[in-house]
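This report refers to the structure that appears directly beneath it.
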Amino acid sequence: MIKLAIDLGSSVTKIFRIGSGVVLAEPSCVAVASGTANVKAIGEEAKRLIGKTAEYTTIVFPVFEADIVNEEMAAIMLSYFLNKAGVTPKLARRAEAVFAVPCGAQDELLDKYYRLGEKCSLGSVHFVEVPFLSALGQNMMLSETNPVFVVDIGGGSTNIAAFSLDGIIAGIGLNIGGGNIDSGIIDCVAEKFNLKIGLQTSEKLKTTVGSLYTSDNETFVVNGRDISTGRPRSVAVSSPDIYDCVKVFADKIIEYTSMILAKLPAEVSASVWRGGIFLSGGGGKLIGLDDYMARALQMDVTLADEPQMAVILGGGRTVGNDDILETVRIDY
Ligand SMILES: Nc1ncnc2c1ncn2[C@@H]1O[C@H](COP(=O)(O)OP(=O)(O)OP(=O)(O)O)[C@@H](O)[C@H]1O
Ligand SMILES: [Mg+2]
């Protein structure tokens, strides 16, 4: 029997195989010939084409804001990734897989994941909500009596939840993530520098100079197109230049986190305040976000050692332990 954990992220798909560890992490996108279903490239190769293709190639993101919006492409993409990770269709039939799903995932989404499992020939599938996986991936000790609080910020979604092994006490799956910062940066650069930049460039700005420390002043040179003349132009963009749009996003996360904290019963609240907030997801890597949240919420915020891998590592821990799996999996 092969045991797998699969995190079909809005930005990055990750696959864990028991015995091997993380065997794949690739962008969740597919390049197709426009107007057809003819696939030209998948994953890393497809992402490289973003913004560089002529109009006859379209980049499809089968998972948008943590929802499977294109089941056919999701199946093509995941089958390709499984195969690339050494899980051939023949092996897949003998596989037991755990899918990471958003906090509060409804049956409609679980049905889509179920069908995806079938299309990819997976032997059996289970669903576990992201907050549990994030906590398990950070090696947190979960119990029935000791609630913990997790915030996972992905590319297209954010999961915020207080929970124990007994279940989610209060939680929410939001359709905002790091991608919202990227589009904010595009608008900000357009306004400040009269320059149009692409999504890849704005993501690069976010991960290199984006910071919530007001004292940071890194710069990164971007190439774009002058909005008035249409000519190519380069500009050095600094941390303060994009501070406002990074802050707008952080404030939104803080607002929702406060909302969930306010819903907690008194005893849970005491335990959560003692333990603090555990932050994961690629979006959690935004420079200074942990300190910014800690200051705003007056709570300890601990960033995972490997923020972007916490959920898939937790998936591995879950599929490798029948007791944990039985406790945290969704009844479907
Ligand atoms: N160093 C960094 N600083 C800020 N953001 C980062 C950094 N590295 C990656 N990211 C962002 O993390 C996001 C991807 O994180 P992750 O892989 O956790 O998302 P996902 O699981 O694919 O998406 P989701 O959970 O929303 O479905 C992207 O928006 C990416 O730009
Ligand atoms: Mg994720």
Exercise for the section: Kindly indicate whether any position in region 299-306 is within 16 Å of I277 (Cα to Cα) and in a helix (DSSP H, G or I). Expected result: no
Practice task
List the number of the failed condition for D166; all other conditions in (1) in the same structural domain as M259 (by TED's automatic domain parsing); (2) in contact with a strand residue (DSSP E or B) (Cβ under 7 Å, 6 or more places away or on another chain) hold.
Solution key: (2)
Practice task
Go through (1) part of a helix (DSSP H, G or I); (2) open to solvent by less than 20 Å² (accessible area, probe 1.4 Å) and name the single condition V237 misses.
Solution key: (1)
Practice task
Inspect region 198-220 for any residue being within 25 Å of F61 (Cβ to Cβ), surrounded by fewer than 21 Cβ atoms within 10 Å (Cβ to Cβ) and more than 16 Å from ligand 1 (Cβ to nearest atom) and give the result as yes or no.
Solution key: no
Completion exercise
Here the residues within region 24-39 that are surrounded by fewer than 18 Cβ atoms within 10 Å (Cβ to Cβ) and either within 15 Å of ligand 1 (Cβ to nearest atom) or more than 25 Å from E108 (Cα to Cα) (or both) are A33, S34, G35, T36, N38, V39
Completion exercise
Residue hits (region 240-264; loosely packed, with under 15 Cβ neighbours inside 10 Å and either among the aliphatic types (A, V, I, L, M) or touching a residue at least 60 places away in the same chain (Cβ under 8 Å) (or both)) are V248, K252, M259, A262, K263
Exercise for the section: Kindly check whether there is at least one residue in region 111-131 that is more than 14 Å from D331 (Cα to Cα), among the charged types (D, E, K, R) and within 16 Å of ligand 1 (Cβ to nearest atom). Expected result: yes
Practice task
Pairs only if they're at least six apart or on different chains, beta carbon under 6 angstrom, first in region 286-312 and modelled with pLDDT under 95, second assigned to a strand (DSSP E or B) and surrounded by 19 or more Cβ atoms within 10 Å (Cβ to Cβ); list them, first residue then second.
Solution key: none
Fill in the blank from the handout: If you go through A135, A95, A100, A75, the only one that is open to solvent by less than 20 Å² (accessible area, probe 1.4 Å) and out of contact with any strand residue (DSSP E or B) (no Cβ under 9 Å at 6 or more places or on another chain) is A75
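Per-residue answers, yes or no, for (1) of a type in the set (F, W, Y); (2) more than 25 Å from S134 (Cα to Cα); (3) modelled with pLDDT of 95 or more:
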{"site": "S11", "(1), (2), (3)": "no, no, yes"}
{"site": "G21", "(1), (2), (3)": "no, no, yes"}
{"site": "G35", "(1), (2), (3)": "no, yes, no"}
{"site": "N38", "(1), (2), (3)": "no, yes, no"}
{"site": "E44", "(1), (2), (3)": "no, no, yes"}
{"site": "I50", "(1), (2), (3)": "no, yes, no"}
{"site": "F61", "(1), (2), (3)": "yes, no, yes"}
Practice task
Return the residue satisfying two criteria in turn: it lies in region 48-72 and is open to solvent by less than 60 Å² (accessible area, probe 1.4 Å), away from ligand 2 (no atom under 16 Å from the Cβ) and touching a residue at least 40 places away in the same chain (Cβ under 8 Å), and of such residues it is nearest to K204 (Cα to Cα).
Solution key: I50
Exercise for the section: Considering only region 115-159, state which residues are within 16 Å of ligand 2 (Cβ to nearest atom) and of a type in the set (S, T, Y). Expected result: S134, S157, T158
Completion exercise
The residue that is farthest from ligand 2 (Cβ to nearest atom), considering only those in region 80-92 that are surrounded by fewer than 14 Cβ atoms within 10 Å (Cβ to Cβ) and not small (G, A, S), is K90
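The values are calculated or read from the model by the stated rules, or taken from the named source; none is laboratory data. Everything numeric in this text was worked out from a predicted model, so none of it was measured. Note that each Cβ is placed from the backbone with ideal geometry, even for glycine, and that neighbours are counted across all protein chains shown. Keep in mind that these areas ignore ligands, DNA and RNA; they rest on the heavy atoms of the full protein, side chains included. Shrake-Rupley method; radii C 1.70, N 1.55, O 1.52, S 1.80 Å.
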